[in-house]
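Engineer: Mind having a look at this structure? Questions to follow.
The values are calculated or read from the model by the stated rules, or taken from the named source; none is laboratory data. On a predicted model such as this, the values are computed, not experimentally measured, just so you know. Glycine also receives a Cβ, built like all others from the backbone with ideal geometry; neighbour counts cover every protein chain displayed. To get the accessible areas, we keep the full protein, side chains included, count just its heavy atoms, and leave off ligands, DNA and RNA. Shrake-Rupley method; radii C 1.70, N 1.55, O 1.52, S 1.80 Å.
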Amino acid sequence: MENVLQQFSETIRNAAEKQTALRIRGGGSKDFYGATLSGEILDTKLYSGIVEYEPSELVMTARAGTSLAEIEAAIKECGQMLAFEPPHFGAATLGGCIAAGLSGPRRASAGAARDFALGVRMMDGRGNDLRFGGRVMKNVAGYDVSRLMTGSLGTLGLILEVSLKVLPLPSAETMLRFDLPEDKAIEMLNQWAGKPLPISASAYADGKLSVRLSGAKAAVEAISRKLGGERVADEQAEYFWNGIREQTDPFFTGAMPLWRLSIKSTTPPLKFPGSQLIEWGGSLRWLKSNADAKTIRDAAAAAGGHATLFRANDKTAGVFHPLSPALLKIHQRLKKNFDPAGIFNRGRMYPEF
């Protein structure tokens, strides 16, 4: 693999010298996410494979071009999982998973993608091969660049390898469904959040609240009886939660713009034209609507959060929530330090870098 790294470095150095834009791309499963796609493709699939996996240490390290499917299959054999349930949206790679920083239904209970990134190996805009963090959960040396790279959409550098914390698969899971109006569902989710309940996922849409319980079999059974509701068959439950994770659920279909609102979980129902699906105990609201961007973003800001235009044909309103002048300055300084020539994924997050 050293020849691949050498090739990457030469490509980056040449691009920096000629001010040529590079578009970092793995499986292309997140091409829809973010703003401008521009530049010569730098294919990370050339650098793939699991580098190290220690089930007893709950840590695995793999190269950026390794498919998520391969990683999840390998750790599942040892009874473990990527607890943040990253969506694939197709032929996803580890590098794209971390660069996008997206998490699935289990995020509210287990943590986000950045919480599981222990270390990263990357190549900056000068073609330098750099390592940050480590391959053990107790490593705290150096700057937490692994978290910085998570969700940066490749604008800071080329991810080469990632060390991730993995967790054991739950010994039992069950899904419950309740018929509730939206306000009561939000209220109930927040009440449950203050109790020691093994809720690992929740989703509300069309008058139905779905909840997944995960943990020891006895605990899951006891809480299921206590909460009540309709118990859903295991096969149907797996299909449902996978549909939420991969956005194959009917809610996500159609050409209408899809917004992702990250707000306070206690926020009352948001009144917008269109349809909504609520996740993460009320803190993630998916909105399919033709409402104008300013109205949506103002409402998200008033609820203590932000709004992202997750999928749309027209992105002229900007994909990500506008940054304050102070935050924009920090982003630009980071970009300049890691990628001084500005060659990586230009405009993918914001037009200013």
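Engineer: When you scan the stretch 141-228 for helices (runs of 4 or more DSSP H) that lie fully inside it, which ones turn up with 3 or more residues that are farther than 27 Å from N242 by Cβ and of a type outside the set (F, W, Y)?
Structural biologist: Those helices (runs of 4 or more DSSP H) span 145-149, 182-193.
Residue-by-condition table, conditions (1) on the phi > 0 side of the Ramachandran plot; (2) of a type in the set (K, R); (3) in contact with a helix residue (DSSP H, G or I) (Cβ under 8 Å, 6 or more places away or on another chain); (4) touching a residue at least 60 places away in the same chain (Cβ under 8 Å):
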| site | (1), (2), (3), (4) |
| --- | --- |
| S9 | no, no, no, yes |
| I12 | no, no, no, yes |
| D31 | no, no, no, no |
| L37 | no, no, no, yes |
| L58 | yes, no, no, yes |
| K76 | no, yes, no, yes |
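Engineer: Continuing with the same structure: Give R121, R147 a once-over and let me know the one that is under 18 Å from the mean Cα position of the chain (by Cα) and either over 30 Å from L270 (Cβ atoms) or open to solvent by 70 Å² or more (accessible area, probe 1.4 Å) (or both).
Structural biologist: Testing whether each residue is under 18 Å from the mean Cα position of the chain (by Cα) and either over 30 Å from L270 (Cβ atoms) or open to solvent by 70 Å² or more (accessible area, probe 1.4 Å) (or both) leaves just R147.
Every residue, every condition in (1) in contact (Cβ under 8 Å) with a residue 60 or more places away in the chain; (2) among the aliphatic types (A, V, I, L, M), yes or no:
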site: P196; (1), (2): no, no
site: Y204; (1), (2): yes, no
site: S210; (1), (2): no, no
site: K226; (1), (2): no, no
site: A233; (1), (2): no, yes
site: R260; (1), (2): no, no
site: P269; (1), (2): yes, no
site: G274; (1), (2): no, no
site: T295; (1), (2): no, no
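Engineer: Across the stretch 299-327, which residue is surrounded by the fewest Cβ atoms within 10 Å (Cβ to Cβ) among those that are among the hydrophobic types (A, V, I, L, M, F, W, C) and within 16 Å of F272 (Cα to Cα)?
Structural biologist: This residue is A302.
Engineer: Then there's this: Would it be correct to say that G274 is among the small types (G, A, S), open to solvent by less than 30 Å² (accessible area, probe 1.4 Å) and within 25 Å of P87 (Cα to Cα)?
Structural biologist: No.
Engineer: Of the conditions (1) at pLDDT 95 or above; (2) farther than 25 Å from W241 by Cβ, G101 satisfies every one except a single condition; which number is it?
Structural biologist: Result: G101 passes all but (2).
Engineer: Something else about it: Looking at F132 and the list (1) part of a helix (DSSP H, G or I); (2) open to solvent by 20 Å² or more (accessible area, probe 1.4 Å); (3) under 24 Å from I24 (Cα atoms); (4) without any contact (Cβ under 8 Å) to a residue 40 or more places away in the chain, which single condition is not satisfied?
Structural biologist: Result: F132 fails condition (1) only.
Engineer: Quick check on my filter: what residues within the stretch 88-118 are closer than 22 Å to A201 by Cα, aliphatic (A, V, I, L, M) and not in a loop (DSSP other than H, G, I, E, B)?
Structural biologist: Matches in the stretch 88-118: I98, A100, A108, A110, A113, A117.
Engineer: Are there any pairs with C-beta distances below 6 angstrom linking a residue in the stretch 82-105 that is free of Cβ contacts under 8 Å to residues at least 24 places away in the same chain to a residue that is of a type in the set (A, V, I, L, M), with the two at least 6 apart or on different chains, and if so which?
Structural biologist: What qualifies is S103/A112; S103/A113.
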